[in-house]
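J.: A single structure is presented below for examination.
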Amino acid sequence: MSVANVVDHPLTGQSMPGAEAIIQVLADEGVDTIFGYSGGAILPTYDAIFRYNANETRHGEPIRLIVPANEQGAGFMAAGYARSTGKVGVFLVTSGPGATNCVTPIRDCAADSVPVVLLFNRGVVRPGETQQPDERLHDIAVADDGRSTRVQV
């Protein structure tokens, strides 16, 4: 691709919180459904979904948010969505035990090559502070399988 063919994104140069950037990227990639179970640390991302949907005239179609009974259900619902539609299944949960509850669906999807994206928040860690060791262990159980890609925003 030559530089002449590159088109700037309409939001290029604008500042936005990380949660809103995540939702914008998902929408830009064609995600139309998110399965999610909320919790304290991930609430800013849920708020970003609602703000995105409130401004749907600018964006087009809203992103559906489907709330299951628990985090594991979100994972299996995203897997079923991916298997039945051929699209990537996206699920959103809070950190710590919420992320741990996603180990079975995320490993099942990895074993069966089902395309899913698991988003969870490690909480706010300010300069000089550290994440609680027990919460870090939960996150390692989910994300460190040697095949997954982890990105910190």
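J.: Would you list the helices (runs of 4 or more DSSP H) that sit entirely within segment 27-114 and hold 1 or more residues that are out of contact with any helix residue (DSSP H, G or I) (no Cβ under 6 Å at 6 or more places or on another chain) and among the aromatic types (F, W, Y)? Spell out how you get there, then give the answer.
T.: On the way: elements: 43-54, 56-59, 71-85, 97-100, 103-112.
The qualifying helices (runs of 4 or more DSSP H) are 43-54, 71-85.
J.: Return yes when G123 is out of contact with any strand residue (DSSP E or B) (no Cβ under 7 Å at 6 or more places or on another chain), of a type outside the set (S, T, N, Q), at pLDDT below 90 and closer than 17 Å to I22 by Cβ and no when it is not. Give the derivation first.
T.: Details: out of contact with any strand residue (DSSP E or B) (no Cβ under 7 Å at 6 or more places or on another chain): yes; of a type outside the set (S, T, N, Q): yes; at pLDDT below 90: yes; closer than 17 Å to I22 by Cβ: yes.
Answer is yes for this residue.
J.: When you look at S84, is it out of contact with any Lys or Arg (no Cβ under 8 Å at 6 or more places or on another chain), among the polar types (S, T, N, Q) and free of Cβ contacts under 8 Å to residues at least 60 places away in the same chain, yes or no? It would help to see each step written out before you state the result.
T.: On the way: out of contact with any Lys or Arg (no Cβ under 8 Å at 6 or more places or on another chain): yes; among the polar types (S, T, N, Q): yes; free of Cβ contacts under 8 Å to residues at least 60 places away in the same chain: yes.
Yes.
J.: Could you check segment 8-49 and list, in sequence order, the residues that are polar (S, T, N, Q) and either touching a strand residue (DSSP E or B) at 6+ places or on another chain (Cβ under 8 Å) or surrounded by 12 or more Cβ atoms within 10 Å (Cβ to Cβ) (or both)?
T.: Narrowing segment 8-49 to residues polar (S, T, N, Q): 12, 14-15, 24, 33, 38, 45.
Result: Q24, T33, S38, T45.
J.: Taking the criterion of being touching a strand residue (DSSP E or B) at 6+ places or on another chain (Cβ under 9 Å), of a type in the set (F, W, Y) and either crowded, with 17+ Cβ neighbours inside 10 Å or more than 26 Å from H9 (Cβ to Cβ) (or both), would at least one residue in segment 85-108 satisfy it?
T.: Within segment 85-108, one or more residues are touching a strand residue (DSSP E or B) at 6+ places or on another chain (Cβ under 9 Å), of a type in the set (F, W, Y) and either crowded, with 17+ Cβ neighbours inside 10 Å or more than 26 Å from H9 (Cβ to Cβ) (or both).
J.: In this structure, does R136 turn out to be at pLDDT below 85 and of a type in the set (D, E, K, R)? So that I can check it myself, show each step before the final result.
T.: Numbers: at pLDDT below 85: yes; of a type in the set (D, E, K, R): yes.
In short, yes.
The values are calculated or read from the model by the stated rules, or taken from the named source; none is laboratory data. Everything quoted here is computed from the prediction, not taken from an experiment. All Cβ positions, glycine included, derive from the backbone under ideal geometry; neighbour counts span all protein chains shown.
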